[in-house]
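> Take a look at the following structure, please.
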Protein chains: 4
Amino acid sequence: MIKVGIIGATGYAGAELVRILMNHPDAEIVWLGSKSYAGQPFPDIYGSFFEIADEKCMAEDMDALSDAADVIFTATPQGLCSSLVCESVLSKVKIIDLSADFRIKNAERYEAWYGIHHPSPQYLPEAVYGLPELNREEIRKARIIANPGCYPTCSILSIYPAVKEGLIDPDTIIIDAKSGTTGAGRGAKTANLYCEVNENIKAYGVATHRHTPEIEDQLGYAAGREILLNFTPHLVPMERGILVTAYASLKKDVSYEDVKAVYDSYYKEERFVRVLGTDRVPETRYVKGSNYADTGFRVDGRTHRLIMMGAIDNLVKGAAGQAVQNMNLMFGLPEEEGLTAVPMAF
Amino acid sequence: MIKVGIIGATGYAGAELVRILMNHPDAEIVWLGSKSYAGQPFPDIYGSFFEIADEKCMAEDMDALSDAADVIFTATPQGLCSSLVCESVLSKVKIIDLSADFRIKNAERYEAWYGIHHPSPQYLPEAVYGLPELNREEIRKARIIANPGCYPTCSILSIYPAVKEGLIDPDTIIIDAKSGTTGAGRGAKTANLYCEVNENIKAYGVATHRHTPEIEDQLGYAAGREILLNFTPHLVPMERGILVTAYASLKKDVSYEDVKAVYDSYYKEERFVRVLGTDRVPETRYVKGSNYADTGFRVDGRTHRLIMMGAIDNLVKGAAGQAVQNMNLMFGLPEEEGLTAVPMAF
Amino acid sequence: MIKVGIIGATGYAGAELVRILMNHPDAEIVWLGSKSYAGQPFPDIYGSFFEIADEKCMAEDMDALSDAADVIFTATPQGLCSSLVCESVLSKVKIIDLSADFRIKNAERYEAWYGIHHPSPQYLPEAVYGLPELNREEIRKARIIANPGCYPTCSILSIYPAVKEGLIDPDTIIIDAKSGTTGAGRGAKTANLYCEVNENIKAYGVATHRHTPEIEDQLGYAAGREILLNFTPHLVPMERGILVTAYASLKKDVSYEDVKAVYDSYYKEERFVRVLGTDRVPETRYVKGSNYADTGFRVDGRTHRLIMMGAIDNLVKGAAGQAVQNMNLMFGLPEEEGLTAVPMAF
Amino acid sequence: MIKVGIIGATGYAGAELVRILMNHPDAEIVWLGSKSYAGQPFPDIYGSFFEIADEKCMAEDMDALSDAADVIFTATPQGLCSSLVCESVLSKVKIIDLSADFRIKNAERYEAWYGIHHPSPQYLPEAVYGLPELNREEIRKARIIANPGCYPTCSILSIYPAVKEGLIDPDTIIIDAKSGTTGAGRGAKTANLYCEVNENIKAYGVATHRHTPEIEDQLGYAAGREILLNFTPHLVPMERGILVTAYASLKKDVSYEDVKAVYDSYYKEERFVRVLGTDRVPETRYVKGSNYADTGFRVDGRTHRLIMMGAIDNLVKGAAGQAVQNMNLMFGLPEEEGLTAVPMAF
C-alpha cells in the first residue's frame, strides 16, 4: 500500500486527487494538507466526502509529511514545491508536482513567464515531464515528476504526432483552447462568481498565457528545434473539460487516412488516448470524470491546413488523474490502476 | 460472474446502468438492448463508451435474452416490463424493473394514475419494492424487483423515520421536489431543449404527478394507514440530482436532538444514507455520480413543523445505482459492490 | 426630467437600476454611488455599460447627493439607509430604499431577525411598503419607500388574494421558494463561485430566513391578524428569477373557476401581474428581464389544498424594476414608464 | 407606422424579432407567420408574450401578407425566401431575408455549399448584403436585404479593418468561433437537448460550415481578391452569444496603437460597434440582448500575428437586431430606433 501525502488538498485539483485515490486499491492517503483549512474536517470543505474522508486537514510540516508518506503530491501555487524540495526530502519520498515549477527546463524562461524566482533550479535536469505517452520510461525512474499543465496535456497530445512526423509546419501552429471553470481555481474572486461566468465566453491571457512556453518546449522537442506558436485560452461556462482546436499548415499532400495512420501508430496501444474517426469530434462531456484524452482531426484541402482537436477532463488527465498515472508508473503498478472510471457523459 | 441484460440501454437510466456495471467486478453485460438504436454500436449514441463498450445494440428478443442473462434490467417506459414478464422468463432470470409497473400493489390505482392497462397484475403480490433500506430481506429472495422511482426514493428516505416513529402528522405532509433534467428523459422534445430548460425553473405535474401514489403507499405502510399528501416536482437547469424539501406538523414537542436520534437509529448502519447535522443541508452536488442519499432536517418551533430535506443522484440512487444495489442483494454479493464511487462534487 | 442618485450602483440590483434607468425617458442618473469602486469608471465593473454610462463611481457624500438628486435609490446592505435618512435629507429628496430597513414596522422585530440596531425607527410609521399592487395610493404620497424584498414580492403577490378573500387557512401556509444566484449578491465568496453553484440545488436559511417576517406582516394585514408561516428559499443554478410554490389548506369548497375569478378580480387591471390559466404554470424565463409577476394556482381536491405559484425576475419586479415603478408613482408618471421591456425568454 | 410581417415568427430569431419590434415606436407587427403553429396564439409557444402579443400565428399566404405589410422579414430555412420573391411581391413590400438565400452573389457557390437549388438567382445582383457598417447607403435604397449570418457578422466586423488596410495577410486568416445554443435553432433534436449541450463544448462543421463562403466573400471584397480561410464554429453551453477569435499574420511591423487607430477610424462613429482597449477583451455577456458588436485585438510580437476578437448577441446583431437596423435604414428612420436596450450582463 503506497502511503500518499497531498499538499493543497482543498483546491479543485487536490480534492480530485482525494476523490481518485479513495478508490485506488494500492494507495492510502496519510496526509491531507491544507494551509487555509488546517484543523478542519475535510467534509467541511466538500460535503461529498462526509463519511468517506472525515480526516482533518493538516498544516504544512514537510518533515513529518516526508516521514509519513512514500509519495507527495503538491497541488499548490507555483513556487511552493520548488521551495520545499531538497535532498533530505527526496531521500525519503518521491514528489509529483502539479504546479509548473519543474515543467520548464530553462529556469530563466520559467522566471520570465511566471514572474517569480526559481529557488531550486538544480533539480530541473532530473525532473521528468510527466506525460506518460511521451516519457513513460523516464517517469518510472524519476524522483521528481513535473506533472503537465492541463492545456499543455491536451494540446501536446493533440498535435504531437503531426509535428513529430513532419506533417505540419511548426511555425504555423495556432492553438485555440477552451476550458471549464474549475481551471480557474477555487479562489474567492469576483471574476469566478456564478453570475460572472455563466452565459458568457471570453478569451483571457491572450498572447501571454503561461502555458505557452510549456507547449512550445514539448512540441519543440518533437520538431527538433525551437518553435513559437499562438495559444489562446477561453473560459467556458461549464465546470470541467478542456477542448483544444489547433491549426497548422500541412507540409505534404496528405489524405485523411494518411494522418489517421500516423495518429493510430502513436496511440493505438495507449490506454488513455482515443483517436476518433470522421464520424465524431472530441467533446469534453465524453471524457468527463475520466483519464481519457480524445483526439481527432480534419484535413482541409481548400486551405491546405490540418485542424487538430482534443478533449480532456482538466482535473483528471489534465491534473489529478495524470498524477496518479505517473504514481502508478513510479511504483511499478499497472498504469490504469484507480483510473478505470467510465466517463460521465451526463 | 453475473450475466446482465439491459432493455432500454440507450436512455439516460439505461446508459447509467452500463456506466456502473462496466466497473462492477462480478457482473458482465451480455445484452445491450435498444429498440431505437438496434444494430448501432453503443458509442454512436454515447461517445463516452468508445473503446469501453463498443458492442452493437440489440433488438428486443426476450427468449434469447432470458437464455443469455442471469438478470434483466428493464429501463423502459411503463407497460413494457409487465407485458414481458411470465413464468418461462422468471424460471430463467431475475427481473429488476426500473419502470413503475410493479411499484403499486393495487392494479386499479396503478391504472388510474398511469392511464394504461396492467397486463400482468398476478405478479404484483410477489414483486418486491426495491428500497433496500426498508425491504432488504425481501429483496434478497425476490424474483421481481420494482425498482423505486427517483422522487419516491428521495422522498421516502427523507420522511420515513419521522412517520414511522410518529413524530409528524401524516395528513400534513407536503413534498416540494426539484429535479435535474436527466429526469425528463432523452426524448427529442422541444420542452427539453437546452434553451428551454436553461435559466429557468418551473413546477410540473402539479397535483397530478404519478409518483404521488407510490410515495403515499410507502409512507402509508409506515403510518399504518392510508395517507394523502401533496407532491410537487420542479424542473431545474442541471443534469443530475433530486432535492426534496418536505414539511409536516409535529405531533410532539421534540428537540433537534430527539429527531436526530431517530434518524440516526434508522440510518447509522446504512452504507448509502448519510444523516447530516445542523452545520449542513443536503446539496445535490455532494451525491452526484454516487449512490448516496443525504438527509437532514430542521425543527421549526415557531410553526411547530418539521422540515425534512434529502438529496440523491436521480440516475444512481434514484435509478441505476439502486438497481445494482438490489442486484447485489439478490445475488448474495456485498451490497456496495460496484457502487463505491466517491461523489463528484464539481 | 427626474434627477436620480443611486447608492450602491455596482451591486447586481444597483446595476440593474442603471440598466433600466438608461432607457427611462423621464429620468436621468446624476450620481452613480459605489464605496468599493469610487473613482473607477462604471464600465470597469460592467463592460456592458461601455459607451453607455462611462461615468466614474462616486464615494459616499449624502449632502452633495441630496442636493444633486430628486430621488435617491439605496441598493445597499441593511442598516445603511436607516443611518442616512433625516429631515434635512428628506426635505430635499425622496428615498426609495431597496434594503430591508423600513419594511418591518416593528423595530424590535426587525432587530430580532436582522441582528442589527435600527438607528431611525421614528421614520418607520411614515415609510410606505412599496408594493404598488397593494399600496398604490400611499406610494404616490410617500417620502420614504420601503422597496419590498424579492422573495416577499413574489410570495405576497402569489398568495395575497387567497388570504384576503378567506379562501385559505393562513395558519397552514408553507412557501417553498427558489431563486437565481444574483439573489446571493456580488460578494466574492467561495459559496457563490461558478463551480460551487452550478449543477447544484440546496435550501438555505431554513426556518430562519429574514424575509419570513416581511411576508408574515403583509399577509397578516390581509388576514386581519398575525400569522406564522414556513418560508424556505433554495439556490438554483441560474442567474435571475424567483419561483414561489406555496401551499395552504382551503377553508371552503371551491372550484378552479372560483379561485380564478378571485385572482382575476385583484389583478386584471394590473399592468405587471399576469394570472395564468390551467394551460400553463409560472416559469421564471417568461418574466426574465421584465417587471412582470406571473401567478397561477391549482386546486387539489384530494388533499383539499390550494397550490399557489408565482414567478418574477428578482432583479426587476423583485428589486430595481419595482423601485422604478414606485418612482413613477411618486413623481406622477405613467406607472409603466421605462418598464415596458418584453421578457427575454431565451 | 411601418407595417411588419414576419414569416417564421416562432423560431428563436423570429421570436426575437417580435420581442424587439414590440418596443419599436414606429413599427407594428401585422402578421405573425408560423407554418408549424398556425392558428395557435403566440403565447402558447412563448409564454413571455402573454398579454403582450396574444395574436394567433398565421399560415403561409404570401398574397395576403404582401398586401398587409410594408416590409416582410423571413426568418426561415434556406430556400424559402428565394422561392417566394417575385416582382409582384416586390412591387408591394420590401424584403429582409434572415436566411442565406441572397448572401452569396454567385448562385453556383451558394448551391455548392448549401446543397440546394437557388430558384431566383435573377435577384442576386440587386440584393444588398445588410451589414450597415459596410453597406449603409446601398441598404437605404434596397428592395431585398440579405441579412448577414450570425458568425459572418461577428467575424467580418472583427477582421474587416485589418484586411481593408492591409495590416494582415488574408491567406493566413483562421477564425475560431464559439456560439450559444440558440444558434442551433429550436428543432426538437436529441443533439440540442439540455443534457447533451450542458457541461460540454465541441466543434462542429469543421472545414465545411456554410458560413465560410459568406465570410470569404465579404473579406475578399475588402482584400480586393478572392481569399480562402479556415472557419471553425463551436457549440457552447449558453443560450446567446457569439465570440470570434481570429488569427492572421501581420504584413507590417505595427504597434498596438497603430492597429487601434485603424479600428477607431472605422468604428468610432458607429453606434453599434465598440472598440475595446487593452484593459478588456470582448465577452458575450456584455452585449447580451443588445445590438452591440464588441471588438478588440492584441498584437503578438513573438509570432508576428494579430489576434482579433469580437462578440455579438447572435440573435440581435447576428439576426433580428441587425434586421431591424436594416429596416430603419430602408424606411428613413434613425438607425438605432427600437435598438437602444442596454446589454443585460447578468
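The values are calculated or read from the model by the stated rules, or taken from the named source; none is laboratory data. Just so it is clear, the structure is predicted and the values come from calculations on it, not from any experiment. Here the Cβ is made from the backbone with ideal geometry for all residues, glycine too, and neighbour counts use every protein chain on show. Keep in mind that these areas ignore ligands, DNA and RNA; they rest on the heavy atoms of the full protein, side chains included. Shrake-Rupley method; radii C 1.70, N 1.55, O 1.52, S 1.80 Å.
> Mark the label point 7 Å from the Cα of B:Q40 along Cα→Cβ and return the residues of segment B:56-80 whose backbone N is within less than 20 Å of it.
B:56-61, B:75-77
> Residue by residue, what Karplus-based ³J(HN,Hα) values in Hz, rounded to whole numbers, does segment A:55-70 have, using 6.51, -1.76 and 1.60 with θ = phi - 60° and x for Gly and Pro?
Karplus values, whole Hz, x for Gly and Pro: 4, 8, 6, 9, 6, 6, 7, 5, 5, 4, 5, 6, 6, 7, 10, 8.
> A further question on this structure: How far apart, in nm, are the 7 Å Cα→Cβ label points at C:E60 and C:D264?
Once both label points are built, they end up 5.1 nm from each other.
> With an 8 Å Cα cut-off and a minimum separation of 6 or more residues, compute the relative contact order for chain B in percent. Show your work: numbers first, answer last.
On the way: 757 pairs, mean separation 59.6, N = 346.
Computed value for chain B: 17 percent relative contact order.
> For the Cα atoms of chain A, what angle does the longest principal axis make with the long axis of helix A:321-330, in degrees from 0 to 90, nearest 10?
The answer is roughly 80 degrees.
> Quick one: helix A:256-267 against the long Cα principal axis of chain A, what's the angle to the nearest 10°, folded into 0 to 90?
The answer is roughly 20 degrees.
> Mean projection of the alpha-carbon convex hull of segment A:229-346 over all orientations, in nm²?
Dividing the Cα hull surface by four gives the mean projection, 8.8 nm².
> Counting only protein heavy atoms, what percent of the accessible surface of segment B:267-332 is carbon or sulfur at a 1.4 Å probe?
Numbers: 610 of 1350 Å².
Accessible surface attributable to carbon and sulfur in segment B:267-332 totals 45 percent.
> Also: For segment A:1-37 and segment D:183-243, what is the separation of their C-alpha centers, rounded to whole Å?
41 Å
> Quick one: Karplus J couplings for segment A:298-309, per residue in order, coefficients 6.51, -1.76, 1.60, θ = phi - 60°, nearest Hz, x for Gly and Pro?
Taking θ as phi minus 60°, the curve returns 9, 9, 9, x, 4, 9, 6, 10, 9, 10, 10, 10 Hz for segment A:298-309.
> By Cβ position, which chain B residue lies least far from the axis that rotates chain B onto chain C, and what is the distance to the nearest whole angstrom?
Result for the B and C rotation: B:D176, 2.
> Please give me the summed charge of the neighbours of A:K35: other residues whose Cβ is under 12 Å from its Cβ, Lys and Arg +1, Asp and Glu -1. Each step should come with its number before you reach the end.
Values: positive: none; negative: A:E60, A:D61.
Surrounding charge for A:K35 is -2.
> Between the DSSP loop rule and a limit of at most 15 other Cβ atoms within 10 Å, which trypsin sites (Lys or Arg not before Pro) in segment A:1-67 are left? Working shown, then result.
Numbers: sites: A:K3, A:R19, A:K35, A:K56; in loops: A:K35.
Passing both the DSSP loop test and the Cβ count: A:K35.
> Divide, for segment B:1-148, the radius of gyration over alpha carbons by 2.2 N^0.38 Å, where N is the residue count.
Values: Rg = 15.2 Å, N = 148, 2.2 N^0.38 = 14.7 Å.
Expressed relative to 2.2 N^0.38 Å, the Cα Rg reads 1.04.
> Provide an ascending nm list, one decimal, of label-point separations from C:N23 to the equivalent residue in each further copy; define each label point as 7 Å from Cα along Cα→Cβ.
0.1, 4.8, 4.8
> Among C:R298, C:R225, C:R136, determine the one that fluctuates most according to a GNM of chain C built with springs between C-alpha atoms less than 10 Å apart.
Highest fluctuation among the options: C:R225.
> Turning to a different aspect of this structure: Rounded, prolate or oblate: which one fits the protein assembly as shown, using the alpha carbon gyration tensor with axes a ≥ b ≥ c (rounded when a/c is under 1.5, else prolate when a/b beats b/c, else oblate)?
Values: a/c = 1.31, a/b = 1.01, b/c = 1.30.
In terms of gyration-tensor shape, rounded.
> Using the heavy atoms of the protein chains alone and a 1.4 angstrom probe, what is the accessible area of the protein assembly as shown per residue in square angstrom? Display every interim value, and only then the final one.
Values: 42270 Å² over 1384 residues.
Here the residues of the protein assembly as shown average 31 Å² of exposed surface.
> When the Kirkwood hydrodynamic radius is evaluated over all pairs of different C-alpha atoms of segment D:104-201, what value in angstrom, to one decimal, is obtained? Display every interim value, and only then the final one.
Working: mean 1/r = 0.0602 Å⁻¹.
Roughly 16.6 Å, rounded to one decimal.
> Shifting gears a bit: Quickly estimate the mean residue ellipticity at 222 nm for the protein assembly as shown, helices only: each DSSP H run with n ≥ 4 gives -39500 (n - 2.57), and the total goes over all residues, rounded to 500.
Rounded to the nearest 500, the figure is -8000 deg cm²/dmol.
> Between copies, how far apart are the C:D63 label points? List them in nm, one decimal, shortest first, with each point 7 Å from Cα toward Cβ, please?
Those label-point separations list as 6.2, 7.8, 9.8 nm.
> A further question on this structure: Could you work out, residue by residue across C:227-240, how many beta carbons of other chains sit within 10 Å of that residue's beta carbon, and then give the average as an integer?
Taking all residues of C:227-240 together, the mean is 6.
> Leaving out same-chain residues fewer than 8 places away, which lysines sit with a Cα under 23 Å from that of C:K3?
List returned: C:K35, C:K56, C:K92, C:K94, C:K141, C:K317.
> For B:K268, which inter-copy label distances result when the label point lies 7 Å beyond Cα on the Cα-to-Cβ vector, reported in nm to one decimal and in ascending order?
Copy-to-copy label distances at B:K268, shortest first: 5.9, 6.2, 7.7 nm.
> Average partner chain C-beta neighbours within 10 Å, per residue of A:310-317? Could the numbers behind the result be given before it?
On the way: counts 0, 5, 0, 0, 0, 2, 0, 0.
For this peptide, the per-residue mean of nearby foreign Cβ atoms is 1.
> Working from Cα positions, state the angle (0 to 90°, nearest 10) between the long axis of helix A:132-141 and the longest principal axis of chain A.
40 degrees
> Work out the P(r) tail for chain B: percent of alpha carbon pairs separated by more than 29 Å, whole number. Intermediate results must be reported in sequence, preceding the final value.
Working: 21900 of 59685 pairs.
Cα-Cα pairs in chain B separated by more than 29 Å: 37 percent.
> Restricting to segment C:259-346, compute how many DSSP beta bridges are antiparallel as a %, nearest 5. Could the numbers behind the result be given before it?
Numbers: 8 of 11 bridges.
Roughly 75 percent of the DSSP beta bridges within segment C:259-346 come out antiparallel.
> Starting from the Cα of D:K260, draw a straight line to each of the lysines and keep only those under 19 Å, dropping any in the same chain fewer than 8 residues away.
Reachable lysines: D:K164, D:K251, D:K252, D:K268.
> Across segment D:31-44, in residue order, what do the Karplus-derived ³J(HN,Hα) couplings come to in whole Hz, using 6.51 cos²θ - 1.76 cosθ + 1.60 with θ = phi - 60° and x for Gly and Pro?
The phi angles translate into 8, 9, x, 7, 4, 5, 10, 3, x, 8, x, 4, x, 5 Hz.
> Then there is this: Once neighbouring chains are kept in place and the probe is 1.4 Å, which whole percent of the accessible area of segment B:1-142 is contributed by carbon and sulfur?
Roughly 50 percent, rounded to a whole number.
> Rounded to the nearest 100 Å², what is the buried accessible area between C and D, both sides summed, probe 1.4 Å?
Values: alone 14880 and 14870 Å², together 26630 Å².
Approximately 3100 Å² gets buried when C meets D.
> Further, regarding this structure: In segment B:240-346, which GluC sites (Glu not before Pro) are in a loop and have at most 14 other Cβ atoms within 10 Å, using DSSP for the loop call? Write out the running numbers ahead of the final one.
Values: sites: B:E257, B:E269, B:E270, B:E283, B:E335, B:E336, B:E337; in loops: B:E269, B:E270, B:E335, B:E336, B:E337.
Those that pass, being in a loop and sparsely packed, are B:E269, B:E336.
> Could you work out the relative contact order of segment D:111-172? I mean the mean sequence separation of Cα pairs under 8 Å and 6+ apart, divided by the number of residues, in percent. If you can, show how the numbers build up before the last one.
Working: 37 pairs, mean separation 13.4, N = 62.
About 22 percent, as a whole number.
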